[in-house]
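Undergrad: Have a look at this one before I ask anything.
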Amino acid sequence: MEEMIGYCGYNCHLHAARSKDPNTRQKLVDGWRKYFGHENYTVENVQCDGCLSDGRIADKMCKTRPYAKKKVWRIVHSAMNFLAIK
């Protein structure tokens, strides 16, 4: 699996939600239910392509991703404007 680091610094490529094995994802779902009370996650909806992608996202409750995506866009936009001025 390709190495991927999320906005928060997490090693996404090590996350069980990126596994193609449903048994591995079931262990993740069971853990999230037990420790965090997340009852809405299932093996089917916990699949993740990584928060840097525009694909499936496992943790829909993540507060970092939306903020980081907005912030990154502002940084890129500012850099493009700066380069256009030069």
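Undergrad: Give me the distance in nm between label points sitting 7 Å out from Cα along the Cα-to-Cβ direction at residue 53 and residue 21, one decimal.
TA: Going by the 7 Å Cα→Cβ label model, 1.9 nm.
Undergrad: Taking amide hydrogens as modeled 1.01 Å from N in the peptide plane, which residues meet the under 5 Å criterion relative to residue 58, leaving out close sequence neighbours?
TA: Long-range HN contacts for residue 58: 49, 50.
Undergrad: For every other residue with a beta carbon closer than 10 angstrom to the beta carbon of residue 4, add +1 if it is Lys or Arg and -1 if Asp or Glu, then tell me the sum.
TA: -2
Undergrad: While we're looking at this one, here's another question. Taking the simple approach of a point 7 Å from Cα along Cα-to-Cβ for both residue 61 and residue 13, what is their distance in nm?
TA: 2.9 nm
Undergrad: Something else now. Using 7 Å Cα-to-Cβ label points, what is the residue 34/residue 71 separation (nm, one decimal)?
TA: Spacing of the two 7 Å Cα→Cβ label points: 3.3 nm.
Undergrad: Sort 14-23, 30-39, 46-55 by the packing proxy (mean of other Cβ within 10 Å over each peptide's residues), most packed first.
TA: Top of the packing list down: 46-55, 14-23, 30-39.
Undergrad: Around residue 63, with a cut-off of 14 angstrom between Cβ atoms, what is the net charge of the other residues, counting Lys and Arg +1 and Asp and Glu -1?
TA: Residues near residue 63 contribute +4 overall.
Values quoted throughout were computed directly from the atomic coordinates according to the rules given, and no laboratory measurement underlies them. Being a predicted model, the structure only gives us computed values, none of them experimental. Glycine also receives a Cβ, built like all others from the backbone with ideal geometry; neighbour counts cover every protein chain displayed.
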